[in-house]
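A quick write-up on the structure given underneath.
The values are calculated or read from the model by the stated rules, or taken from the named source; none is laboratory data. Just so it is clear, the structure is predicted and the values come from calculations on it, not from any experiment. Virtual Cβ from ideal backbone geometry, glycine too; neighbours counted across all protein chains shown. Quick note on the areas: whole protein, heavy atoms, side chains included, nothing else; ligands and nucleic acids left out. Shrake-Rupley method; radii C 1.70, N 1.55, O 1.52, S 1.80 Å.
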Amino acid sequence: MPIDVLLQATTQGLLMGSIYALVALSLTLIFAVGGLLNFAHGDFMVLAMYAAFAVLAAVGVDPYLLAVPLFGLFFLVGTGLFRGLVRPVLSEGLLVGAQLTLGMVFVLQNAMLLIFGGDHLSVPTVLSNRNVAFGTVILPLPLLVASAVAAILSIFLYVLLMRTDFGRQVRAVTQNRDAAALMGIPIVRVQAKAFGLGIGLLGLTGAFLVAQFTLTPSMGLDLTLLALIVMVFGGIGNFLGCLGGGLIIGVIEGLGTLFFGGTVGAMAPYVALVLVLLLRPHGLFGEH
Amino acid sequence: MLEVADIVAGYGRVLAVQGVSLSVAEREFVALVGANGAGKSTLMKVLSGLLAPKSGSIRLGGRELAGSGAEEAVAAGIVLVPEGRMVFPRMTVLENLLLGATNPRARKDRERSLERVFALFPRLAERRGQLARTLSGGEQQMLAIGRGLMALPRILILDEPSLGLSPLLVQETYKALQRLNADGLTILLAEQNVRLSLAVSTRGYVMEHGRIVLAGASAKLADDPATRKAYLGL
Amino acid sequence: MEAANPPARDIRRHLPGLLLLLAAVVAPWFMSGNWINILILSLLFVFLCVAWNIVGGLTGEFCIGHSLFLAAGAYTSTLLYIHLGVSPWIGMFAGGAIAAAIGMFIAWLSFRYALPHLSFALVTIALAMLGYLAISSIDFLGASRGLTLPVRGSAWYYHFRSDLAFYYIILAHAVAAVLLTMWLYRSKAGLYFRTIRDNERAALAIGVPSLRYKMLAMAISAFMTALAGVFYAQFLLYVEPKTFAGLTIVIEIILFTVVGGTGTVWGPVLGPLLLVPLGEVLRAELGGTAPGLHLFVYGLLLIAVIRFMPGGLMAALSKLGALRVRPSSAKEA
Ligand SMILES: Nc1ncnc2c1ncn2[C@@H]1O[C@H](COP(=O)(O)OP(=O)(O)OP(=O)(O)O)[C@@H](O)[C@H]1O
Ligand SMILES: [Mg+2]
């Protein structure tokens, strides 16, 4: 195995990994703040990609310009969903919440199928089909941009959670809801905002990722599963762990594909997930 | 200042508090004593807004607060240091304290409050960067009280602060409370430890099976044959 | 307590079920071929949901891996049939045994590593994905194209000229499954299942052999799901990974069960009986112009039920029933 092929696969894996990390961070945010396991997570991101495609097709605005508007829109959708659907069933427990989001999976995937059809779709952006070479490593520019944005957002989110009043309140709600209430923290408002932030980030990410994927309406669940794997790797609720977990999964996937072909590459993360759940039930970077 | 009337509260069909009335005046140090399961913690949860009462009224400075939630209660100035301390385990001492000053009134004076708390508990200042769950039991209790003070309470309610502490630490904690009271803080203290809490407080209530069965000056209560027999084992 | 019930009351209690059965037996005589197909599909899902409910409802383990069992049944019987000429009537026991073994292994894993609910769900979903990816890439299993079953055209090979035979076969499956759960609810095993569901630690403390009963529940459920896989393969005359090993069918099973009422005897019957025909009608009416509409509607219904009718249709029905019954029973007392 020539070293530059290895380098190429590892770099590409790291880049994908930073994207997984961001998706997993927002998944973790939603899980941590309300105890909701959001199976529809990837579908929201796919929805953003289709929305970007629709706007491009209709008025010719480049997807990259839609990142911020999509963030705002998805933030509102997220807070609305939290107040209208999620909060009323949170007290029923983890499984009911998971079932609710499974329902959302069906709704979102099939709404997209109804509107956009089932054909594979690639969305051109200003950066499509451009590559950048670093020595022997050649990287597609859209991937580079997407992962750079994901890395920046991950760091931004991390700082937000660890260094601001809002972030402290989110973590307080996560760690002890009653104690958080006793601090005078408006629990529901904090939860709704965190939820909105989680979904909003998917809107933003979707716009940046649209050039990187071939769209199909049903691709969201795979993304969710990858994010779940990263979340578990990172130690559920551990934000820093998510960043590491994302990179690891990206590399595992990249090297698995390189050495054993596409199927094993796709299977590797799931094998890793099962092993981590069994042997390190609190995650690779989890505590206890 | 705090007027509590006819509070009935519980969990499902269990009525843990069955019509309790009490009052705490400005700058007073009042103790609420009673055995295991008397309903003290339940009453404290109702006062702090964590648990909505089935009926009754809670007034602070004339404002009705019953059933309006913890955020309102804290904003109005009722602050609870809960049973079992409930510090945020995976946050630092400093972060725990900062969270205490969440309500808008306290947020403005956050830096000054922090200095005051660090002056009161120098141990917390030394350990400000340490995760709360790695603190000793006594330090966690200091943190819980300090966090309560950060909220700038008009009345500080403490539920069983002596729980799990060595006698020496209990003494220290109570001394700190007495100092705070002397500086003008109104305190309501729920305790199983009858002897100590009646020793530091000026007035007391005795609770039994969800009801107040005795009330009066702490010194008198401590001398009362009924209290002595039931709670002091004398 | 059961024996003490006077027979008349017993009959009255089972009357709705008996009527439903009677209706199911005579229904195809009055129906067109298309509707019989819809009913076959509905009953297949009744069978699948009842099977899933033994794990998902009775022992309260949120298993998303049932596609493994479905595929085990379908692929085992199909391979035995294609390569060795073994009748699916025999092959289905082989498939069932393999599925039961996988199920027991999962239950053992979960117990051995004391997996919390969330982790259990994730492990089963990961295993299901692994199964799907493996089947989609192994040529011997037809990879993503799947396998077509040769038609041998006799009942011995699970082939029938009319769909009516398929209808009665799956009806028999479903009825047996319902009877089994009714029995399970009253038996010691059922009591143990529920004890484990409500508080596993307490169950262990009072001496319920938790591991054995979890494995038993999983084995029963997996075996039944495999039988459904065999039936479905014979009915469609092909197997392929998307249909038999994909997550969609598991989500559908869970969704129908939840809408009907998880953990009840009749919820997993009611859910698919209402939703599958609804979906199929939507698909028939609008499928050409609006693919996925039926799944979209399923999703909306599920969300609505969870939000406004926690406990599913059965809980809502029994609430209605209680409203009507309470005055009269108060008089009796
Ligand atoms: N979350 C709860 N759910 C149900 N019942 C509860 C709950 N919390 C307390 N109780 C019951 O309410 C009654 C009063 O409990 P409470 O905690 O108020 O007593 P307490 O006076 O604080 O006792 P202790 O001195 O042991 O702390 C008890 O019978 C208890 O079992
Ligand atoms: Mg108590």
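The set of residues in the stretch A:237-280 that are away from chain C (no Cβ under 11 Å), open to solvent by 10 Å² or more (accessible area, probe 1.4 Å) and of a type in the set (A, V, I, L, M) comprises A:L240, A:L243, A:L247, A:I248, A:V251, A:I252, A:L255, A:L258. Just checking, does the stretch B:113-122 include any residue being more than 16 Å from ligand 1 (Cβ to nearest atom) and within 15 Å of A:A180 (Cβ to Cβ)? Scanning the stretch B:113-122 turns up no residue that is more than 16 Å from ligand 1 (Cβ to nearest atom) and within 15 Å of A:A180 (Cβ to Cβ). Flag not set for B:F29, criterion: within 21 Å of A:D178 (Cβ to Cβ), among the aromatic types (F, W, Y) and away from ligand 2 (no atom under 16 Å from the Cβ).
Let's see how each residue does on (1) within 14 Å of another protein chain (Cβ to nearest Cβ); (2) within 16 Å of ligand 1 (Cβ to nearest atom):
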position	(1), (2)
B:I157	yes, yes
B:L163	no, yes
B:Y174	no, no
B:A190	no, yes
B:L196	no, yes
B:G204	no, yes
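When you scan the stretch A:192-199, do you find a residue that is buried (at least 24 other Cβ atoms within 10 Å of the Cβ), part of a helix (DSSP H, G or I), in contact with a Leu (Cβ under 8 Å, 6 or more places away or on another chain) and within 14 Å of chain B (Cβ to nearest Cβ), even just one? No: the stretch A:192-199 contains no residue that is buried (at least 24 other Cβ atoms within 10 Å of the Cβ), part of a helix (DSSP H, G or I), in contact with a Leu (Cβ under 8 Å, 6 or more places away or on another chain) and within 14 Å of chain B (Cβ to nearest Cβ).
Is it fair to say A:F31 is part of a helix (DSSP H, G or I) and away from chain C (no Cβ under 14 Å)? When the stated conditions are applied, A:F31 does not pass them.
Filtering B:A16, B:A76, B:A101, B:A31 for residues that are within 14 Å of chain A (Cβ to nearest Cβ) and over 30 Å from B:T134 (Cβ atoms) leaves a single hit, B:A76.
Is it the case, given these coordinates, that A:G283 is closer than 18 Å to A:L25 by Cβ and either modelled with pLDDT under 85 or open to solvent by less than 20 Å² (accessible area, probe 1.4 Å) (or both)? When the stated conditions are applied, A:G283 passes them. The conditions of being closer than 29 Å to B:R228 by Cβ, away from ligand 1 (no atom under 16 Å from the Cβ) and open to solvent by less than 10 Å² (accessible area, probe 1.4 Å) are met by B:L2. Give the stretch C:141-158 a look and list any residue that's touching a residue at least 24 places away in the same chain (Cβ under 8 Å) and more than 14 Å from every other protein chain (Cβ to nearest Cβ), or say none. Once the filter is applied, which keeps residues that are touching a residue at least 24 places away in the same chain (Cβ under 8 Å) and more than 14 Å from every other protein chain (Cβ to nearest Cβ), the stretch C:141-158 yields C:G142, C:R145, C:G146, C:L147, C:T148, C:L149, C:P150, C:V151, C:W156, C:Y157, C:Y158. Among residues of the stretch C:82-118 being open to solvent by less than 10 Å² (accessible area, probe 1.4 Å) and within 12 Å of chain A (Cβ to nearest Cβ), the one that is farthest from C:L68 (Cα to Cα) is C:S110. Every condition in (1) surrounded by fewer than 19 Cβ atoms within 10 Å (Cβ to Cβ); (2) within 16 Å of ligand 1 (Cβ to nearest atom); (3) over 16 Å from the mean Cα position of the chain (by Cα) holds for B:Q130 except the one numbered (2). Selection of the stretch B:3-14 for residues being away from ligand 2 (no atom under 16 Å from the Cβ) and part of a strand (DSSP E or B) yields B:E3, B:V4, B:A5, B:D6, B:V8. Residue check: A:S18 meets all listed conditions (1) open to solvent by 10 Å² or more (accessible area, probe 1.4 Å); (2) more than 13 Å from the chain's Cα centre (by Cα) but one, namely (2). A single entry from B:R85, B:R107 fulfils the requirement of being basic (K, R), within 22 Å of B:L180 (Cα to Cα), within 14 Å of chain A (Cβ to nearest Cβ) and within 15 Å of ligand 1 (Cβ to nearest atom): B:R85. Looking only at the stretch B:152-191, residues that are of a type outside the set (A, V, I, L, M, F, W, C), within 15 Å of ligand 2 (Cβ to nearest atom) and under 15 Å from the mean Cα position of the chain (by Cα) come to 5 in all. For the stretch A:202-243, which positions are touching a Pro at 6+ places or on another chain (Cβ under 9 Å), in a helix (DSSP H, G or I) and under 23 Å from A:D62 (Cβ atoms)? Listed by number, the residues that qualify are A:G203, A:G206, A:A207, A:F208, A:L209. Of everything in the stretch B:192-204 that is in contact with a strand residue (DSSP E or B) (Cβ under 6 Å, 6 or more places away or on another chain) and more than 16 Å from ligand 2 (Cβ to nearest atom), the residue that is most open to solvent (accessible area, probe 1.4 Å) is B:T202.
Checked across the stretch A:174-188, the condition of being more than 11 Å from every other protein chain (Cβ to nearest Cβ), buried (at least 24 other Cβ atoms within 10 Å of the Cβ), part of a helix (DSSP H, G or I) and of a type outside the set (S, T, N, Q) holds for no residue. Across the stretch A:214-236, the number of residues qualifying as at pLDDT below 85 and either open to solvent by 20 Å² or more (accessible area, probe 1.4 Å) or away from chain C (no Cβ under 12 Å) (or both) comes to 3. Listed by position, the helices (runs of 4 or more DSSP H) enclosed by the stretch C:220-292 that each have at least 1 residues that are farther than 27 Å from C:A134 by Cβ are C:247-260, C:267-286.
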